[in-house]
Amino acid sequence: MEPEHRPAPRPPKRRSQLERRFEAFLWHSRLMVLMAVIPALLGALVLFIIASLDVLSILADTWRHYLSGGADIHKTVVTDIIVAVDIYLIALVLMIFALGVYKLFVSRIEPAEGRDPHHPFNVSSLDQLKDKIARVVILAVIIEFFRAVVGISFDTPLDAIYLALSVLALALALYLMALAHKQE
């Protein structure tokens, strides 16, 4: 057998100084995404603080209610906690967005390299980033739905049927999301 003949590699094309500088500028322009990454992380921090303060406020109200006969909390506590969870989820969306955009466009994140590839902060493509964000947004919408349902009053039996159909549709959506997640 004859050794495989490969064409000799071409010598590198000579590029002008202007072309090299322009390409370096283009490469460094990817850092503009930091204008989205940093505010998204700051927004997530603000939302985590707001939700945590809301939960602490709920705890203080509960403490006052049971120890000193403060205002009745039974009508609002569930709704207030659901709102806090919703805020936490939106903060997570911002974090997933910020870390994913940074990893995809700026640089690898060394501590994330050894992590599970399915970790929400570990993305390898823009489609994967969109998918992870969409899942958290869907959960936030479901939680917002349940917040709205807590205060609902039924005027007719048809209202109860609509609520049941809505819950069924949400359960079906969650089931389909779980199926799609298993196929990955």
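The values are calculated or read from the model by the stated rules, or taken from the named source; none is laboratory data. Quick caveat: nothing in here was measured; it's all calculated off a predicted structure. FYI the Cβ positions are ideal-geometry reconstructions off the backbone, even for glycines, and counts take in every protein chain you see. Each accessible area value is taken on the protein alone, full model and side chains, heavy atoms only, with ligands, DNA and RNA left out. Shrake-Rupley method; radii C 1.70, N 1.55, O 1.52, S 1.80 Å.
Between a first residue in the range 29-41 that is under 15 Å from Ser107 (Cβ atoms) and a second residue that is at pLDDT below 95 and exposed (fewer than 15 other Cβ atoms within 10 Å of the Cβ), which pairs have beta carbons less than 8 Å apart while being 6 or more apart in sequence or on different chains?
Taking only residues 6 or more apart or on different chains, the pairs are Arg30/Val106; Leu31/Val106; Val33/Val106; Leu34/Val106; Val37/Val106.
Among residues belonging to the range 135-184 that are of a type in the set (S, T, N, Q) and over 21 Å from Val78 (Cα atoms), point out the one that is modelled with the lowest pLDDT.
Gln183
Within the group Leu45, Leu89, which residue is under 20 Å from Val137 (Cβ atoms) and surrounded by 17 or more Cβ atoms within 10 Å (Cβ to Cβ)?
Leu89
Can you work out which of the residues in the range 140-184 that are over 19 Å from the mean Cα position of the chain (by Cα) and of a type in the set (Gly, Ala, Ser) is farthest from Val85 (Cα to Cα)?
If we take residues in the range 140-184 being over 19 Å from the mean Cα position of the chain (by Cα) and of a type in the set (Gly, Ala, Ser), then Ala160 is farthest from Val85 (Cα to Cα).
Kindly provide the set of residues from the range 33-75 that are of a type in the set (D, E, K, R) and either assigned to a helix (DSSP H, G or I) or within 25 Å of the chain's Cα centre (by Cα) (or both), ordered by number.
Answer for the range 33-75, where residues must be of a type in the set (D, E, K, R) and either assigned to a helix (DSSP H, G or I) or within 25 Å of the chain's Cα centre (by Cα) (or both): Asp54, Asp61, Arg64.
Which one of these does Arg108 not meet: (1) of a type in the set (D, E, K, R); (2) over 22 Å from Val83 (Cα atoms); (3) assigned to a helix (DSSP H, G or I)?
With respect to (1) of a type in the set (D, E, K, R); (2) over 22 Å from Val83 (Cα atoms); (3) assigned to a helix (DSSP H, G or I), Arg108 is out only on (3).
Would you check if His28 is more than 25 Å from the chain's Cα centre (by Cα), modelled with pLDDT under 90 and assigned to a helix (DSSP H, G or I)?
yes
Among the numbered criteria (1) more than 30 Å from Ala164 (Cα to Cα); (2) charged (D, E, K, R); (3) open to solvent by less than 70 Å² (accessible area, probe 1.4 Å), which single criterion is violated by Asp116?
Answer for Asp116: the failing condition is (3).
Restricting to the range 120-168, name every residue that is touching a Lys or Arg at 6+ places or on another chain (Cβ under 9 Å) and part of a helix (DSSP H, G or I).
Within the range 120-168, just Leu129 meets the criteria.
Is the range 78-94 home to any residue that is of a type outside the set (Ser, Thr, Tyr), part of a loop (DSSP other than H, G, I, E, B), in contact with a helix residue (DSSP H, G or I) (Cβ under 8 Å, 6 or more places away or on another chain) and more than 30 Å from Pro117 (Cα to Cα)?
no
Could you figure out which of (1) touching a helix residue (DSSP H, G or I) at 6+ places or on another chain (Cβ under 8 Å); (2) loosely packed, with under 12 Cβ neighbours inside 10 Å; (3) closer than 24 Å to Val33 by Cβ isn't true of Glu110?
(1)
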